[in-house]
Amino acid sequence: MGASGNVGACVTRHLVARGDDVRVLLRKSSSTKGIDGLDVETRYGDIFDAEAVTAAMRDRDVVYYCVVDVRAELRDPRPLFRTNVEGLRRVLDIASQANLQRFVFLSTIGAIAVGRNGETVDEDTPFNWADQGGSYIESRRQAEQLVLSQARERGLPAVILNVSNPYGPPDWQPRQGLFVKLAALGKMPFYIRGVGSEVVGIDDAAEAMLLAADRGRVGERYIVSERYMTQREMLTIAAEAVGATPPRFGIPMAPVRVLGRVVETFGRLTGREVPITSTSIRLMRLTSPADHGKATRELGWRPTPTEQSIRRAAEFHVARSGR
């Protein structure tokens, strides 16, 4: 479920490559670029269509749930909670009665704590930034609580994967990968000082999802992230991979925050959705190193260096641009 998304499509490709019998549930309006040509059975419907969801899960062993609204910039948070919480709630009610072996839930590294002063966090570090994450992070945290409560109270064999920013081709509608695309096309002359994030190759993220279905402990969370990378390093890797000029100078966070407030005010006055808000900029800043040791120990997950995936993503964007 969610096979039209970036991670969901990659999970689908990995399952097909492994020879699994794969069924996907898609809305008829969904893009299928990431799964076109794959040998899958397609059912149509959405997560609010109980009949379609029930039929999609019938006779399945594992459900990979990759449905998520990631639009942290929305002024009105109701769509986030409708999809990420209420839609999920209906799916979980059906999944709890579907006799599954595993329900693998795609969550986010944003539901993990933030380390202070460079501290590395893990799945057990108490969450410590509820007042700063905004509606998107709150919706994802509530989603996790729904999944965990279904595992405790109704026996749903659920496993949660807290996936960080994934990179790699194909990336047809880049969000996390937008800066990589701009750097590869020579349109990113600057980087933001002091900004970084946890990163992972998208194929490694998909592989972790498959491993979780086979080895993940029910009711557990696993950080799926290869390492922490500064924005400057990420953009330089992308640019140099395709012979573009890397970002030449860094700008401090302070003017970026001002820009966010200005753009946010413009959106509020005009009634338009804008790509940058003070919350989205705050999310860029609130990141820290995370430990994926639990996924390595329990799932056998061993990610490859993410720079390899960033280079391949840069090559994809350049090839697609026709340069």
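Only the coordinates and a few stated rules stand behind these numbers; no lab work does. Source: prediction; values computed, not measured. Glycine also receives a Cβ, built like all others from the backbone with ideal geometry; neighbour counts cover every protein chain displayed.
Structure notes:
- Calculated P(r) tail over 16 Å for the range 219-277, as whole % of Cα pairs: 67
- Histogrammed with a bin width of 20 Å, the alpha carbon distances of the chain distribute as 31, 60, 8 percent, first bin at zero.
- Summary of packing: across the peptides 229-239, 181-191, 92-102, the per-residue average of other C-beta atoms within 10 Å ranks them, highest first, as 229-239, 181-191, 92-102.
- Each peptide among 15-24, 55-64 gets the average number of other Cβ atoms lying within 10 Å of its residues, and from highest to lowest they stand as 55-64, 15-24.
- Among the helices of the chain, those built from whole DSSP H runs whose Cα atoms reach 24 Å or more along their own axis and whose mean Kyte-Doolittle hydropathy is at least -1.0 are 253-270.
- Gained length - residue 298 relative to residue 175, 0.36 nm times residue gap less alpha-carbon distance: 41.3 nm
- For residue 26, distant residues with modelled amide H under 5 Å away: 43, 44, 45
- The lysines whose alpha-carbon is closer than 29 Å to the alpha-carbon of residue 181, local same-chain residues fewer than 8 away aside, are 28, 33.
- For a straight C-alpha distance cut-off of 20 angstrom, the aspartates and glutamates reachable from residue 294 (same-chain residues fewer than eight places away being disregarded) are 119, 122, 123, 124, 144, 198, 203, 204, 207, 214, 220, 226.
- Annotation: amide H-H contacts under 5 Å for residue 229 (H modelled 1.01 Å from N, sequence separation of 5 or more, or interchain): 197, 198, 199.
- Charge context of residue 297, other residues only, Cβ under 13 angstrom, K/R +1, D/E -1: -1
- Likely footprinting exposure, 316, 105, fewest C-beta neighbours within 10 Å first: 316, 105
- Ordering of 37-44, 203-210, 110-117 by packing [mean C-beta count within 10 Å, highest first]: 203-210, 110-117, 37-44
- The range 115-126 - phi-based ³J(HN,Hα) in whole Hz, Karplus 6.51/-1.76/1.60, Gly and Pro as x: x, 9, 6, x, 4, 8, 10, 9, 5, 9, 5, x
- Computing FRET efficiency as 1/(1 + (r/R0)^6) for residue 48 and residue 315, where r is the C-beta to C-beta distance and R0 is 56 Å, gives about 0.90.
- Of all DSSP-defined beta bridges confined to the chain, some 15% are antiparallel rather than parallel.
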